[in-house]
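Worksheet: the structure to be examined is printed underneath.
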Amino acid sequence: MIRVGVVGYGTIGKRVADAIAAQDDMKIVGVLKTKPDYGAMLALRRGFPVYTLPERVDEFRKAGVEPAGTIEDLIKASDVIVDASPEDVGRENKEKYYQKYGKPVIFQGGEEADVAEVSFNALANYEEARGRRYVRVVSCNTTGIIRALTALRLNGIGVRKARVFIVRRGADPKEFKRGPINDVVPNPVTVPSHHGPDVKTVLRDVDIVTVAVAVPVTIMHMHMAYFELDSPHSRDAVIEAIARTPRVYIAEAGRGLQSLAQIIELARDLGRARGDFPEIAVFGDSITVSGSELYMMYGVHQESIVVPENVDAVRAVLGALPKWASIEKTDRSLGLLAEGKRYGQLAPRP
Ligand code: NAD
């Protein structure tokens, strides 16, 4: 059993903790909470011991929550830490705590790439994490782009150039103080947005430019992608590549799936916890191929897309399972849509 500690129990941390607990080769040692709020109560109800920062112990006790220990106790009890604390706090935790111990740490995409030795995406570079001490699972948008590109590449469809226009959700559903409320905001106003360079931390050779705006939506991001392929390919070949790649779902308008709201409704109807949709949802009808030009639109559920990546990163860093075995185990345990998916090195197309 791999003993995992989760530091930061917010949007990402609570989902990763549940996903880890669903693995038969992993166990949650505990989660670190900074406040004794309802999240601490929920963690305890889930059977996760709750740890806190040393300076917060009294606050927890006053609120009637006896912490299982401090962050250093959690690190000592764990084989691997998943740090899902807010942007830049992961780095602070690294300097303050993690560097003292030899344990591997998985950081999130809100950290700068240099917090870790390798930036990670399971489909693209699983093996590069093996034996590393610090690994960073790239952000939601970056994971989405890497999945789309890797679905093509794994199936022998090379991409010479990628240009991705990102419509970012303005906030997560719980973030009542963020916006915009009635605006479309270049986010950032400069080109390229940081997502393109971030993709290159994993796919180093890709020629990519990204442009992003934020809109008053909380459910998902939408990407409008233009890929220049290495040679002309048929639309059928592109669809086949996407259809057989794990963690990439083709949503068809004819089946009532032509908007992000409908994707989330599908997740809810599937009975997914929290209405999560960790796959990228490619709108099949948007897939348009003209010679070596490919256009497509896909949705990225920001709250859950990195969850399976974190589970795989834990196995990857320890060398616990080979790439495809881990990806398949994770997908099946989380109930991801696996029909027609190929869990194995995909043969390049003739
Ligand atoms: P969040 O604010 O929902 O959760 C972070 C949690 O960490 C909060 O509960 C907070 O109280 C706690 N925390 C604060 N200080 C801490 C500390 N010193 N040590 C440990 N925990 C501390 O944030 P989130 O959305 O879950 O984001 C976490 C990371 O995941 C960030 O790097 C973010 O960029 C990345 N990420 C977020 C999303 C998303 O859409 N929410 C998607 C992909 C990646």
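I want to make sure I understand the PRE zone here: with the label point 7 angstrom from the Cα of residue 181 toward its beta carbon, which residues in region 197-227 have backbone N atoms less than 20 Å away?
214-219
With the dipole of the chain worked out from charges on the C-beta (+1 for Lys and Arg, -1 for Asp and Glu) around the Cα centre, which of 191, 137, 326 lies farthest toward the positive end?
With unit charges placed on the Cβ atoms, the residue in question is 326.
Check the straight Cα-Cα distances from residue 27 and name the lysines below 17 Å, setting aside those fewer than 8 residues away within the same chain.
Partners found: 14, 76, 103, 329.
Take every DSSP beta bridge whose two residues both sit in region 140-300, then give the antiparallel share in percent to the nearest 5.
That works out to approximately 65 percent antiparallel.
For helix 307-318, report the angle its Cα long axis makes with the longest principal axis of the Cα atoms of the chain; keep it between 0 and 90° and round to the nearest 10°.
70
Could you work out which residue, out of 84, 273, 116, moves most in a Gaussian network model of the chain, that is, has the largest mean-square fluctuation with Cα springs under 10 Å?
Of 84, 273, 116, the Gaussian network model singles out 273 as fluctuating most.
Which value, in debye to the nearest 20, gives the size of the charge dipole of region 1-123 about its Cα centre, when Lys and Arg are +1 and Asp and Glu are -1 at the Cβ?
500
Rounded to the nearest whole Å³, what is the per residue volume of the convex hull around the Cα atoms of region 140-300? Numbers along the way, then the final one.
Numbers: hull volume 18.9 nm³, N = 161.
Expressed per residue, the convex hull around the Cα atoms of region 140-300 is 117 Å³.
Using alpha carbon coordinates only, what is the Rg to Rh ratio of the chain, with Rh defined as the Kirkwood radius?
Reported Rg/Rh, Kirkwood definition of Rh: 0.97.
Helix 11-21 sits at what angle to the longest principal axis of the chain, using alpha carbons and giving 0 to 90 degrees rounded to 10?
80
Name the aspartates and glutamates eligible as straight-distance cross-link partners of residue 96: C-alpha to C-alpha under 12 Å, and not fewer than 8 places from it in the same chain.
Those aspartates and glutamates meeting the cut-off are 72.
Could you size up the charge dipole of the chain around its Cα centre, putting +1 on the beta carbon of Lys and Arg and -1 on that of Asp and Glu, and report it in debye to the nearest 20?
That gives a dipole near 480 debye.
Taking square-rooted eigenvalues a ≥ b ≥ c of the alpha carbon gyration tensor, is region 213-303 rounded, prolate or oblate, where a/c under 1.5 means rounded and, failing that, a/b exceeding b/c means prolate?
prolate
For the chain, what is the percent of antiparallel DSSP beta bridges, rounded to the nearest 5? Show your work: numbers first, answer last.
Values: 23 of 56 bridges.
Looking only at bridges with both residues in the chain, the antiparallel portion is about 40 percent.
Once you order the gyration tensor axes a ≥ b ≥ c over the Cα atoms, which shape class does region 31-113 get: rounded for a/c under 1.5, otherwise prolate or oblate by comparing a/b with b/c?
Verdict is prolate for region 31-113.
Full extension from residue 204 to residue 95: what is 0.36 nm times the residue separation minus their Cα-Cα distance, to one decimal in nm?
Extending this stretch completely gives an extra 36.5 nm.
Can you give me the angle between helix 140-153 and the longest principal axis of the chain, using Cα atoms only, in degrees from 0 to 90, rounded to the nearest 10?
Tilt of helix 140-153: around 40 degrees.
So how strong a dipole does region 43-177 carry about its Cα centre when Lys and Arg Cβ are +1 and Asp and Glu Cβ are -1, to the nearest 20 debye?
Numbers: 24 positive and 20 negative charges, 137 e Å.
It comes to approximately 660 debye.
Once the principal axes of the Cα atoms of region 252-301 are found, what is the range along each, listed largest first in whole angstroms?
Each principal axis gives a Cα extent; for region 252-301 these are 41, 20, 12 Å.
Could you work out the Kirkwood radius for region 1-57, taking every pair of different alpha carbons, averaging 1/r and inverting it, reported in Å?
Working: mean 1/r = 0.0889 Å⁻¹.
Mean inverse Cα-Cα distance, inverted, gives 11.2 Å.
Throughout, read-outs are computed from the coordinates displayed, never taken from laboratory work. This one's a predicted model, so the numbers in the text were calculated from it and none came from an experiment. As a convention, Cβ positions derive from the backbone with ideal geometry for all residues, glycine included, and neighbour counts pool all protein chains shown.
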